[in-house]
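Visitor: Please read through the structure below; I'll follow up with questions.
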Amino acid sequence: MRLSFVTVASAAAVLSAPIVSAFAPARAVPPSARPALGRQSSLSMGIDVSERAQRQVQPFDEWVTNCGVQRAPGVQLTSQDGLDHYVVASEGLAQGSPVLFVPDNMIFSTRAAKEEFGGAVQEAVAQLGRLGGNDVVPQFYLFIKVLLEYSKGQDSPWFPWLDSMPRLFYNAVSMTDFCYECLPPLVLGLARGEKVKLDNFYDALQKVDGLDPAIKANRDLATWAFNIVFTRSFGPDDNKQLVPMGDMFNHGTETEVAVNYNDDGSVAVYTTRDVPAGSPLRMSYGDPTNPSYFFSRYGFLDESSPATFCKLMLTPTAQLKDMGYDYSRMLFYKETGDVSEEVWDVLLYQQLAGNRDVQQQLYNAHMNGDAEQKRQIHQQYFPQTSEALLQHIDTFLKQLDELSSKGVGKSEMEHPRLPLIIKHNQFVKETFLQVRQRIEPMVLEAQGAYA
């Protein structure tokens, strides 16, 4: 079955969420009729996705209003560098105020794409599953939707939106091979995972029936569409959504807005606290204590993150999984130099690898909630665990310096992501130095007490 083109209805926006009732109903009118089945525009009349191409944001801003997107007075787009465009409030907004409403027929969603494509992508989805990508099938439907609308150029009703999208990305799939050589182990692992996803999407794309072969053969175009989907889509796991104007909210550790995904497919955004005039309106992209994830997936460094992963690479044994330990809980805190309890537990568990009886006692105490037994085992082995932690910190700091030094003298034109990588490594280094300053006196005191 070939990809079909379903006409977008001009339906009235139903304000289903009480928080947006201040908005008057508006009709979402596509700017142009869709082309006939199978018709595709000349790529020369389409969108330039090269990294140096300019984003056309002003036409998009007008388009969303004409098509039924509603926003509160003073909610507008701005940019400081002409590359990153984001939402701000030029007027103050009270907590719980409506910010944005986007009708369902303007939104790219997994469910709508499945209905539109029918069986045209079944073989591609099956291929993605064989490659281990069942967890990203919802994003794959959006990926194909983006490419399909791109193929129609200015005939696509969504052309102004697609033409406003970023071209230059700084995330893992956009990095050069040399950039990978400068990444610390956790980020390197995350980055490789992102590239595997892109490889799998490109492989599965070849199985899609109905797309222009030139589209399917264009790796740079596939990378652009992949980046659009994975940096700008949100929503439930089984129904990811790309939302015009809703995709312009930046991330914040402290957020000003939250998103409602309504049952009718529309999306509403509202404030979660009082917002002074002139403030950015930010949403959460995920766990704020995982800046390495943001860096690899989205291509930015969240310097407001309160903590970072301690970089102890876990061997995920059955008992550690039972204890609930993973990277997200093993944290160093940037401002205070504190170390999360989970780091101490895992270090102790690893130190007890040669003493299975005591290791089992630690496991049992943890699983049974016996805090006193855990405390006693920690106290007994604290000289070993604290010294092991200090050695880990020193080893990793040396590794960071070696990784960053590789970038000295390299061309930013050839490796435009390199400055951000070095900045990320410096951010991690400063956090580790803060922790070291706190840990070293503890090690010296423990060594003196047990001498």
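Visitor: Could you count how many residues in segment 399-411 are assigned to a helix (DSSP H, G or I), over 24 Å from A388 (Cα atoms) and open to solvent by less than 50 Å² (accessible area, probe 1.4 Å)?
Guide: 1
Visitor: Let me spell it out: the conditions are (1) more than 25 Å from M106 (Cα to Cα); (2) part of a loop (DSSP other than H, G, I, E, B); (3) under 14 Å from the mean Cα position of the chain (by Cα); (4) not aromatic (F, W, Y), and D237 meets all of them except one. Which number is the exception?
Guide: (1)
Visitor: Please go through (1) closer than 23 Å to E303 by Cα; (2) out of contact with any Lys or Arg (no Cβ under 9 Å at 6 or more places or on another chain); (3) surrounded by 13 or more Cβ atoms within 10 Å (Cβ to Cβ) for E445 and return the number of the only condition it doesn't satisfy.
Guide: For E445, the exception is condition (1).
Visitor: Now for a different question. For P244, work out the one condition from (1) open to solvent by 10 Å² or more (accessible area, probe 1.4 Å); (2) not in a helix (DSSP H, G or I) it doesn't fulfil.
Guide: Only one criterion is unmet by P244, namely (1).
Visitor: Ok, one more. Determine whether T336 is modelled with pLDDT under 90, of a type outside the set (D, E, K, R) and out of contact with any strand residue (DSSP E or B) (no Cβ under 7 Å at 6 or more places or on another chain).
Guide: Criteria not met by T336.
Visitor: If the requirement is being in a helix (DSSP H, G or I), in contact (Cβ under 8 Å) with a residue 40 or more places away in the chain and open to solvent by 30 Å² or more (accessible area, probe 1.4 Å), which of these qualifies: E440, E414?
Guide: Going through E440, E414 in turn, the sole match is E440.
Visitor: Among the residues of segment 288-305, write down those that are touching a Gly at 6+ places or on another chain (Cβ under 9 Å), of a type in the set (F, W, Y) and in contact (Cβ under 8 Å) with a residue 60 or more places away in the chain.
Guide: Passing the criteria: only Y293.
Visitor: Return the total of residues in segment 274-298 being under 16 Å from F169 (Cα atoms), among the aromatic types (F, W, Y) and in contact with a helix residue (DSSP H, G or I) (Cβ under 8 Å, 6 or more places away or on another chain).
Guide: 3
Visitor: Got at least one residue in segment 212-224 being more than 28 Å from K334 (Cα to Cα), within 16 Å of the chain's Cα centre (by Cα) and outside any loop (DSSP other than H, G, I, E, B)?
Guide: Checked segment 212-224: at least one residue is more than 28 Å from K334 (Cα to Cα), within 16 Å of the chain's Cα centre (by Cα) and outside any loop (DSSP other than H, G, I, E, B).
Condition check ((1) under 25 Å from S305 (Cβ atoms); (2) at pLDDT 95 or above) across all residues:
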| site | (1), (2) |
| --- | --- |
| D357 | no, yes |
| K398 | yes, yes |
| K406 | yes, no |
| K410 | no, no |
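Visitor: Can you tell me which residue in segment 157-212 is most open to solvent (accessible area, probe 1.4 Å), limited to those that are in contact with a Gly (Cβ under 9 Å, 6 or more places away or on another chain) and among the aromatic types (F, W, Y)?
Guide: Top of the filtered list is Y170.
Visitor: Tell me whether segment 308-319 contains one or more residues that are surrounded by fewer than 17 Cβ atoms within 10 Å (Cβ to Cβ), within 18 Å of F396 (Cα to Cα) and among the hydroxyl-bearing types (S, T, Y).
Guide: Within segment 308-319 (the criterion being surrounded by fewer than 17 Cβ atoms within 10 Å (Cβ to Cβ), within 18 Å of F396 (Cα to Cα) and among the hydroxyl-bearing types (S, T, Y)), the answer is yes, since at least one residue qualifies.
Visitor: Then there is this: Do we have G299 as at positive phi and at pLDDT 90 or above here?
Guide: When the stated conditions are applied, G299 passes them.
Visitor: Next up: Kindly indicate whether any position in segment 142-164 is farther than 28 Å from L301 by Cα and of a type in the set (D, E).
Guide: yes
Visitor: To continue, here is another question. Do you know which residues across segment 75-90 are of a type in the set (S, T, Y) and modelled with pLDDT under 95?
Guide: Correct list: S79 only.
Visitor: As an exercise: evaluate K195 against (1) under 19 Å from the mean Cα position of the chain (by Cα); (2) modelled with pLDDT under 95 and give the number of the one condition it does not meet.
Guide: It fails just one condition, (2).
Visitor: Let me ask another. If S305 satisfies every condition in (1) of a type in the set (S, T, Y); (2) closer than 24 Å to G189 by Cβ; (3) at pLDDT 90 or above; (4) open to solvent by less than 20 Å² (accessible area, probe 1.4 Å) but one, which is the exception?
Guide: (3)
Visitor: Then there's this: Sort out which residues of segment 427-437 are of a type in the set (S, T, N, Q) and surrounded by 14 or more Cβ atoms within 10 Å (Cβ to Cβ), and write them in order of number.
Guide: Within segment 427-437, T431, Q434 meet the criteria.
Visitor: When you go through A258, A277 one by one, which is the residue that is among the small types (G, A, S), outside any loop (DSSP other than H, G, I, E, B) and surrounded by fewer than 24 Cβ atoms within 10 Å (Cβ to Cβ)?
Guide: A258
Visitor: I'd like the full set of residues that are assigned to a strand (DSSP E or B), out of contact with any Pro (no Cβ under 8 Å at 6 or more places or on another chain) and not small (G, A, S), limited to segment 91-111.
Guide: Of everything in segment 91-111, those that are assigned to a strand (DSSP E or B), out of contact with any Pro (no Cβ under 8 Å at 6 or more places or on another chain) and not small (G, A, S) turn out to be L93, P98, V99, L100, F101, F108.
The values are calculated or read from the model by the stated rules, or taken from the named source; none is laboratory data. Values in this document were obtained by computation on a predicted structure and should not be read as measured data. Methodologically, a virtual Cβ is constructed for each residue, glycine included, from the backbone with ideal geometry; neighbour enumeration extends over all protein chains shown. Quick note on the areas: whole protein, heavy atoms, side chains included, nothing else; ligands and nucleic acids left out. Shrake-Rupley method; radii C 1.70, N 1.55, O 1.52, S 1.80 Å.
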